[in-house]
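A.B. asks: Quick one: this structure, given as structure tokens, is what I'll be asking you about.
The values are calculated or read from the model by the stated rules, or taken from the named source; none is laboratory data. All of these numbers come straight from a predicted model, not from anything done at the bench. Note: ideal-geometry Cβ built from the backbone for every residue, glycine included; neighbour counts use all protein chains shown. Heads up: the accessible areas ignore ligands, DNA and RNA and are worked out on the full protein's heavy atoms, side chains in. Shrake-Rupley method; radii C 1.70, N 1.55, O 1.52, S 1.80 Å.
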Amino acid sequence: MHLPRRQFLTQASAGLASTLLAGLLGSVPGCVPARSAMRGQLRGAGAKLGHLLREPHKIPAPTHTQEVDVVIVGGGVSGLAARRELHRLAPSLRTLLLELEPEVGGNAAAGHNARTAYPWGAHYLPLPDERDHDLLAFLEEAGILTGYAPSGLPIYDETALCHDPAERLLLHGHWQPGLVPEAGVPAADRAEIARFLAEVERLRRTTGPDGRDLFRLPLDLSSANTTVRQLDQQSMADWLAAHGYRSEYLRWYLDYSYRDDFGVPAAQVSAWAGLHYFAARKGRAHNAPADAVLTWPSGNHHLADNLRRLGGPGRIWPNAVAFGLQEGADGRVEVLAYDGVTQQSTRIRTRQVVLATPWHVSKHLLPAPTAALAPLHAPWLVANLTVDGYPGGPGQPLCWDNVRYGSPALGYIDAEHQALRGFEPDEPRSLTFYWALPTDPGNPAAARRHAYASTYHDWLTLVLTELDLMHPGLAARVQAAELWVWGHGMVAPTPGYVWGPARQQARQPHLGGRVHLAHTDLSGVSVFEEAFHQGLRAARAIVQGAAAS
Amino acid sequence: MGEGSLLTRRRRARAAASAPAEGAPRPALLLGSVAVIATCGLLYELIAGTLASYLLGDSVTQFSTVIGVYLFSMGVGSWLSRYLGGQLLRWFIRLEILVGLVGGASAPLLFGLFAHVGSFRVLLYGLVGLLGALVGLEIPLLLRILQGRLAFKELVARVFTFDYVGSLLAAVIFPLVLVPRLGLVRTALLFGALNVVVAGVSLLSFDETKPYRRRYLGAIALALLALGAGVVGAERIQRYAEGEVFQDTVIYAQSTPYQRLVLTGNHRGELRLFLNGNLQFNSADEYRYHEALVHPAMQDRPRARQILVLGGGDGLAVRELLKYPQVQRIRLIDLDPAMTKLFKSNQLLRELNHNSLHSPKVEIHNADAYAWLRQDTTRYDVVLVDFPDPGNYSIGKLYTTAFYQTLRQRLRPGGLVVVQATSPYIARRAYWCVVHTMAASGFSPVPYHAYVPSFGEWGYVLAQAQPGTWRPDGGPLPAGLRYTTPKVIGQMRAFPPDMSEIPTDVNQLNNQALVRYFEEEWGPYGNG
Ligand SMILES: Cc1cc2nc3c(=O)[nH]c(=O)nc-3n(C[C@H](O)[C@H](O)[C@H](O)COP(=O)(O)OP(=O)(O)OC[C@H]3O[C@@H](n4cnc5c(N)ncnc54)[C@H](O)[C@@H]3O)c2cc1C
């Protein structure tokens, strides 16, 4: 389609304006300055309310009292899955879910603009393991799994499968289909990549002496075989070196993959988790290849919202931060909650609690935390850009996931990729950029402090510079930029985290079996499946406990 | 055409014979001007005639009416020349500048305003009349200027010799050189400039022009500049690239937010519509395409009342549907408002679609068909799917199992769907992929094809929501069809071995198999 003249002129003048601005601002060469006319703001996950936890003296004393059967603290995927499971197994239990954000979803948050919904965090679910009946049952209830073929394989709603073309990589100035580097990659590197992929494929099919898969999701179902578990003691980078993997291309691809799922590169990931990333994916479907993923314009918020919808009538209390947890009279637990809107506190008396909060929150709430768990959370930057221009480029056309080889960022998702329409209007589009910020495992607080101290303008300059490297000239056509900084992104499975003693200890119930923890921090691998099963585990423990007593 | 030009000359001769005599110097130069202005005069007439037949079709009528108006106006001009007195040379210079501007602007104006004016014919004949009157003034005026310098006998002989030489030149170079090399717009502008140059040469060659030379030189320079700017602008009116891509003359072009619409015409009166450079129809044989799209389904469902048409904003499929009196409502969903507006308002296109888009039975919605279908709650007896070919990933979504499943839910029990499905000869895998995709979506598809000369062998898929038989002799066909008969419908189902069924993947949102097939198979033809 031809570029209309009006558009060309505005493009030219915007380009000029940014060149002028660059001169005026005297910015670093190669940096694309954020234009002041750009719309947008900087947000963060409940930073204000969340930080109240550190200053409990500022919170007013409770003036109300309430009574329920189960309080769920945290409305991320773990908390929502627990709520739905409680409703399924014991519909008579009265539940109350406290969420400090205005909306549930947690890391699976989403936003929307005039054109489309877009993800703020988690955005896809790979085809689940067909043995994961709990998850499949949920997906079926949500209408995402539409039935089973005679072969027994699940059939997924076609509109939720990532539409073709799914991924492209900007490599050597050309967009190639797929993210595994191929175009123009030397034969030796290609051979090494093939060797690695063959090795993880072998591991994917292998079962341990205990009859379990070596690697599986949820990860607690993986084989207990000690040789395999010992891989958790070593870093993935060391494992790669020990096995003779030196190719730059392979190393970049692996770093990219781990940063995308864990927020940190191979050097900070345990070899067990690094291999699990590839070898635990066992999804199959009747109507899609094994490497397909499920995704929606709002990302995994679509899943979170279905969990909420299927969770029964129990109340969801938004803008409510749990700031205390204590033993009450007659065997009850008291949860203290502060409502950020009414600015009042309430004492909630309950039989059981699900703490579906990240460890740094749970640690504060529990009267006597027993475990020495120290999850590493990399901070993340997510930017939603409204761009008045087509992000094309040489080679493969715009895909769902678009990544630049060698980039420190993780590329962007086209939020409208899953739109059901036959024509792509020549209109502004929404691109969601992901960036796991570098973290020093020895001092993760420093990265977080730096992240919180950076301004909207700082972040935007960073994102626009990256955009300009992917699509020269496009940065000048950004109309709006909404930014979100996650101070605590997701847990990184650092060496020793998954199979070390602290994780096992932390998941024991507290306060005499009345407080159950459920969060991906207790898995060590933060993906939807883990969060879902965290919720299920806590809910089942409560229901079993109730049946036993 | 040849006859017309001869006629022109004869009428001119008569107009000139009655001119009075007056003195003037430098006869050779002025006689040379006669040849130039004669060439220009005839060219404007030819350009107007050709343009009218491109834009309005029916070349014989257009040519003779344009020539008639032109000649009549020349007569008027000759008659008016009697009112010009005083400094005749100054009048002549003014006249040449004016003829140059009006003649030069004629073609760009007609092209540029074709799509925008209410009545194109008023504009056309107004312009032709004005030009004719101005050209009609030229020879009488020149005769009067030369009168004193030459004997009457000599004068008439020389002036008309040069006049006819100029006309012959015009008649020869117009079809052989000018139209193919320059196109109508630039030819008009170029010869307009020649008229202005004649004014300039006359101005500089005669001493008597000295008092006003300065001012007139300025005017001449401005006129040349304006015509030169026109040449630059001409590219925009008649996109250079399109001039090369389309063999015929572009008579309408518009970039909408959705696509580029280009309508071309030629002297045979054939209209072609291109969407993003792909031929959508040729008026000469579109009836084959649209009859084959509509009648096999309609004759099988003689009681069909509610019809949905997806795509097809040209109203040509609707034209065929309206031949069935029992049809109560036709809902047409086309993305592009510019498309349906064009086919509702343009006279030529309304003649082609028999005004179908104005029928009270027709309801037009400009929307994305997929988005529309997902929120629609009506159920239809017959759905016609006339989308562009699956040449990109977006349009590819309109050929997937997901789309066909949505479509299936919009059918009444016993309803059926017809889909245009590219060429089974050129894109055999793409065609059968559509058939297999419909089968995988729960339809029982019946493949068929028709021969449309402009497209070649073209494929369709008729698909029923429930397994059933398709009877080529289901119900009566409307009278007056030019292609479809029960026997022809029967033949449409036979696939010779070079395009018979082959195994393919099923097209899904997550594999877009069809777009890949289509690209591979049409790629060598520079399409897709
Ligand atoms: C940028 C980003 C991208 C990701 N992409 C993907 C992806 O594509 N696919 C995927 O599977 N996973 C992805 N993840 C991982 C994601 O973390 C998990 O999939 C999952 O959403 C985690 O859910 P959770 O319930 O364990 O934790 P969380 O989402 O952290 O939920 C915790 C909830 O508790 C609330 N809360 C905290 N403290 C309190 C308090 N005191 N009182 C009340 N409420 C409180 C929080 O507001 C939050 O809603 C991504 C994560 C991030 C950060």
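A.B. asks: Residue by residue through region A:273-294, note down the ones that are within 15 Å of the ligand (Cβ to nearest atom), among the small types (G, A, S) and within 14 Å of chain B (Cβ to nearest Cβ).
C.D. replies: Residues satisfying the conditions are A:G283, A:A292.
A.B. asks: Another question about this same structure. Can you confirm whether region B:384-395 contains a residue that is touching a residue at least 24 places away in the same chain (Cβ under 8 Å), away from chain A (no Cβ under 14 Å), open to solvent by less than 40 Å² (accessible area, probe 1.4 Å) and not in a loop (DSSP other than H, G, I, E, B)?
C.D. replies: Yes, that holds for at least one residue.
A.B. asks: In region A:50-74, which residue that is part of a loop (DSSP other than H, G, I, E, B) and in contact with a strand residue (DSSP E or B) (Cβ under 8 Å, 6 or more places away or on another chain) is nearest to A:R351 (Cα to Cα)?
C.D. replies: Quick first cut of region A:50-74, residues part of a loop (DSSP other than H, G, I, E, B) only: A:55, A:59-63, A:74.
Those left that are additionally in contact with a strand residue (DSSP E or B) (Cβ under 8 Å, 6 or more places away or on another chain): A:59-63, A:74.
Working: A:I59: 24, A:P60: 24, A:A61: 22, A:P62: 19, A:T63: 20, A:G74: 17 Å.
So the residue we want is A:G74.
A.B. asks: Out of region B:439-449, which residues are open to solvent by 10 Å² or more (accessible area, probe 1.4 Å) and not hydrophobic (A, V, I, L, M, F, W, C)?
C.D. replies: Selection gives B:G442, B:S444, B:P445, B:P447, B:H449.
A.B. asks: Just to check your reading of the model, which residue among B:A304, B:A284 is closer than 28 Å to B:T406 by Cα, of a type in the set (G, A, S) and more than 14 Å from chain A (Cβ to nearest Cβ)?
C.D. replies: Values: B:A284 fails: closer than 28 Å to B:T406 by Cα.
Of the residues listed, the single one that is closer than 28 Å to B:T406 by Cα, of a type in the set (G, A, S) and more than 14 Å from chain A (Cβ to nearest Cβ) is B:A304.
A.B. asks: Here is a follow-up. Of all residues being open to solvent by less than 10 Å² (accessible area, probe 1.4 Å) and within 14 Å of chain A (Cβ to nearest Cβ) in region B:402-419, which is farthest from B:Y289 (Cα to Cα)? Just the residue, please.
C.D. replies: Going residue by residue through region B:402-419, those that are open to solvent by less than 10 Å² (accessible area, probe 1.4 Å) are B:402-404, B:407, B:411, B:415-419.
Next cut, within 14 Å of chain A (Cβ to nearest Cβ) only: B:402-404, B:407, B:419.
Numbers: B:A402: 27, B:F403: 24, B:Y404: 22, B:L407: 23, B:V419: 12 Å.
That would be B:A402.
A.B. asks: A further question on this structure: Is there a residue being open to solvent by less than 60 Å² (accessible area, probe 1.4 Å) and assigned to a loop (DSSP other than H, G, I, E, B) anywhere in region B:430-438?
C.D. replies: Quick first cut of region B:430-438, residues open to solvent by less than 60 Å² (accessible area, probe 1.4 Å) only: B:430-438.
Imposing the further condition that a residue be assigned to a loop (DSSP other than H, G, I, E, B) reduces the set to none.
The answer is no; no qualifying residue exists.
Rundown of residues vs (1) within 30 Å of A:Y277 (Cα to Cα); (2) not hydrophobic (A, V, I, L, M, F, W, C), yes/no style:
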| site | (1), (2) |
| --- | --- |
| A:A81 | yes, no |
| A:P91 | no, yes |
| A:L100 | no, no |
| A:H123 | yes, yes |
| A:L127 | yes, no |
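A.B. asks: For residues that are touching a Lys or Arg at 6+ places or on another chain (Cβ under 8 Å) and open to solvent by 30 Å² or more (accessible area, probe 1.4 Å), scanning just region B:365-377, find the one that is nearest to the other protein chains (Cβ to nearest Cβ). Give the derivation first.
C.D. replies: We begin by selecting, within region B:365-377, every residue touching a Lys or Arg at 6+ places or on another chain (Cβ under 8 Å); these are B:365, B:368, B:370-371, B:373, B:376.
Filter once more, keeping what is open to solvent by 30 Å² or more (accessible area, probe 1.4 Å): B:365, B:371.
Details: B:H365: 14, B:A371: 5 Å.
Taking the candidates together, the pick is B:A371.
A.B. asks: Turning to a different aspect of this structure: Inside region A:51-106, can you point out the residues that are buried (at least 24 other Cβ atoms within 10 Å of the Cβ), within 10 Å of the ligand (Cβ to nearest atom) and of a type outside the set (A, V, I, L, M, F, W, C)?
C.D. replies: A:G74, A:G75, A:G76, A:S78, A:G79, A:E99, A:G105, A:G106
A.B. asks: Within region A:540-548, is even one residue within 15 Å of the ligand (Cβ to nearest atom) and not acidic (D, E)? Step through it out loud before you land on a result.
C.D. replies: First, pick out the residues of region A:540-548 that are within 15 Å of the ligand (Cβ to nearest atom): none.
No: zero hits.
A.B. asks: Now for a different question. Would you please name the residue that is farthest from the other protein chains (Cβ to nearest Cβ), looking only at residues in region A:398-433 that are assigned to a loop (DSSP other than H, G, I, E, B) and charged (D, E, K, R)?
C.D. replies: So, considering only residues that are assigned to a loop (DSSP other than H, G, I, E, B) and charged (D, E, K, R), the one farthest from the other protein chains (Cβ to nearest Cβ) is A:E416.
A.B. asks: Counting just the residues of region A:255-272 that are of a type in the set (A, V, I, L, M) and more than 14 Å from the ligand (Cβ to nearest atom), which one comes out most open to solvent (accessible area, probe 1.4 Å)? Step through it out loud before you land on a result.
C.D. replies: The first filter runs over region A:255-272 and keeps only residues of a type in the set (A, V, I, L, M), leaving A:264, A:266-267, A:269, A:271.
Filter again for more than 14 Å from the ligand (Cβ to nearest atom), leaving A:266-267, A:269, A:271.
Details: A:A266: 4, A:A267: 66, A:V269: 0, A:A271: 0 Å².
So, considering only residues that are of a type in the set (A, V, I, L, M) and more than 14 Å from the ligand (Cβ to nearest atom), the one most open to solvent (accessible area, probe 1.4 Å) is A:A267.
A.B. asks: Considering A:R131, A:R115, which residue is at pLDDT 95 or above and more than 11 Å from the ligand (Cβ to nearest atom)? Steps first, answer last, please.
C.D. replies: Working: A:R115 fails: at pLDDT 95 or above.
Only one candidate passes the filter, namely A:R131.
A.B. asks: Here's another thing I want to ask about it. Condition check: in the same structural domain as A:G74 (by TED's automatic domain parsing), part of a loop (DSSP other than H, G, I, E, B) and over 21 Å from the mean Cα position of the chain (by Cα). Does A:T342 satisfy that?
C.D. replies: On the way: in the same structural domain as A:G74 (by TED's automatic domain parsing): yes; part of a loop (DSSP other than H, G, I, E, B): yes; over 21 Å from the mean Cα position of the chain (by Cα): yes.
When the stated conditions are applied, A:T342 passes them.
A.B. asks: Which is open to solvent by less than 30 Å² (accessible area, probe 1.4 Å), under 22 Å from the mean Cα position of the chain (by Cα) and more than 16 Å from the ligand (Cβ to nearest atom), of A:G489, A:G496? First the steps, then the outcome.
C.D. replies: Values: A:G489 fails: more than 16 Å from the ligand (Cβ to nearest atom).
The match here is A:G496.
A.B. asks: Still on this structure, please answer the following. Just the residues that are open to solvent by less than 20 Å² (accessible area, probe 1.4 Å), more than 14 Å from chain A (Cβ to nearest Cβ) and in a helix (DSSP H, G or I), please, taken from region B:329-364.
C.D. replies: Of everything in region B:329-364, those that are open to solvent by less than 20 Å² (accessible area, probe 1.4 Å), more than 14 Å from chain A (Cβ to nearest Cβ) and in a helix (DSSP H, G or I) turn out to be B:T340, B:L342, B:F343, B:L349, B:S356, B:L357.
A.B. asks: Oh, and also: B:Y425: more than 14 Å from chain A (Cβ to nearest Cβ), closer than 24 Å to B:D334 by Cβ and of a type in the set (F, W, Y), yes or no? Lay out the reasoning, then the answer.
C.D. replies: Working: more than 14 Å from chain A (Cβ to nearest Cβ): yes; closer than 24 Å to B:D334 by Cβ: no; of a type in the set (F, W, Y): yes.
The answer is no for B:Y425.
A.B. asks: On to the next question. Can you name the residue in region B:495-520 that is away from every other protein chain (no Cβ under 14 Å) and in contact with a helix residue (DSSP H, G or I) (Cβ under 6 Å, 6 or more places away or on another chain) and is also least open to solvent (accessible area, probe 1.4 Å) among such residues?
C.D. replies: Keep residues of region B:495-520 that are away from every other protein chain (no Cβ under 14 Å), which gives B:495-504, B:520.
Then keep just the ones that are in contact with a helix residue (DSSP H, G or I) (Cβ under 6 Å, 6 or more places away or on another chain); that gives B:499, B:501-502, B:504.
On the way: B:M499: 3, B:E501: 112, B:I502: 43, B:T504: 29 Å².
For region B:495-520, the residue satisfying everything is B:M499.
A.B. asks: Further question: For the structure I just gave you, tell me whether A:G393 is more than 14 Å from chain B (Cβ to nearest Cβ), surrounded by fewer than 22 Cβ atoms within 10 Å (Cβ to Cβ) and free of Cβ contacts under 8 Å to residues at least 24 places away in the same chain.
C.D. replies: Values: more than 14 Å from chain B (Cβ to nearest Cβ): yes; surrounded by fewer than 22 Cβ atoms within 10 Å (Cβ to Cβ): yes; free of Cβ contacts under 8 Å to residues at least 24 places away in the same chain: no.
So A:G393 fails the test.
A.B. asks: Quick one: A:A480 ticks every box in (1) modelled with pLDDT of 95 or more; (2) away from the ligand (no atom under 16 Å from the Cβ) bar one, so which box is it?
C.D. replies: Here A:A480 meets the rest and fails (1).
A.B. asks: Run down A:G524, A:G535 and say which single residue is assigned to a loop (DSSP other than H, G, I, E, B), within 14 Å of the ligand (Cβ to nearest atom), modelled with pLDDT of 90 or more and closer than 27 Å to A:A304 by Cα.
C.D. replies: On the way: A:G535 fails: assigned to a loop (DSSP other than H, G, I, E, B).
So the residue among A:G524, A:G535 that is assigned to a loop (DSSP other than H, G, I, E, B), within 14 Å of the ligand (Cβ to nearest atom), modelled with pLDDT of 90 or more and closer than 27 Å to A:A304 by Cα is A:G524.
A.B. asks: In region A:229-254, which residues are closer than 14 Å to A:I193 by Cα, in contact (Cβ under 8 Å) with a residue 60 or more places away in the chain and open to solvent by 20 Å² or more (accessible area, probe 1.4 Å)?
C.D. replies: If the condition is that a residue be closer than 14 Å to A:I193 by Cα, in contact (Cβ under 8 Å) with a residue 60 or more places away in the chain and open to solvent by 20 Å² or more (accessible area, probe 1.4 Å), then A:Y249, A:W252, A:Y253 are the ones that fit.
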